[in-house]
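Worksheet: the structure to be examined is printed underneath.
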Amino acid sequence: MSPSQGALFSKRSFRLQLHVEILYGFQSNLQISYFSSLQTNLPIFKLKESCVRRRYSDFEWLKNELERDSKIVVPPLPGKALKRQLPFRGDEGIFEESFIEERRQGLEQFINKIAGHPLAQNERCLHMFLQEETIDRNYVPGKVRQ
C-alpha cells in the first residue's frame, strides 16, 4: 500500500452505536428495542447518518441472511434469553438492567464486526438493516453497487 492509499483509507470511517429503549405496549406488554445509530463517510453507504429501531429478532434475521448469502464468517449473537422469560423468577428476567446492558454490548460488537467487514459492506441485507426504517423480508438478496 502506498502512503497516499494509507492516508485515504485512514480517513474513511464508520461508527455504530446501539441504544436501548423499553417500550410499553398493548396490555402492559414490555418490549426491548435497540436503536442503531450509524455515522459513516464510506462511499458504499447511501446515507451518511441513519438511526433505525431494531428488535433482537432483526439481528437474528441479519445473521441468517449473511450466513446464507455472503462468503464471510458471521460472528455469533449474544444468546437468547429463554430461561430469563420463565415465570416465577426471583429477578426481573429479560428486563434486568445488567442483562439488558450485556446484550446491548454483545449486539453492538456483532453489528460493528459485520459493518466493518469489507465484503459484508456490499450486502443489500446489511444496508437495509442499517439504513431503512423497515426490513423487507421479501427483498431480493444481492450486492450493493456504488
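The values are calculated or read from the model by the stated rules, or taken from the named source; none is laboratory data. This one's a predicted model, so the numbers in the text were calculated from it and none came from an experiment. Ideal geometry is used to build each Cβ from the backbone, glycine not excepted, and the neighbour counts take in all protein chains shown. Heavy atoms of the whole protein, side chains included, go into the accessibility calculation; ligands, DNA and RNA do not. Shrake-Rupley method; radii C 1.70, N 1.55, O 1.52, S 1.80 Å.
Brief remarks follow.
- Within segment 98-138, trypsin sites (Lys or Arg not before Pro) in DSSP loop having at most 16 other beta-carbon neighbours inside 10 Å: ARG137
- Once the chain from GLU132 to ARG145 is taken as fully extended at 0.36 nm per residue, the excess over their C-alpha distance is 3.0 nm.
- Accessible area of PHE59 (1.4 Å probe, protein heavy atoms only, ligands and nucleic acids ignored): about 0 Å².
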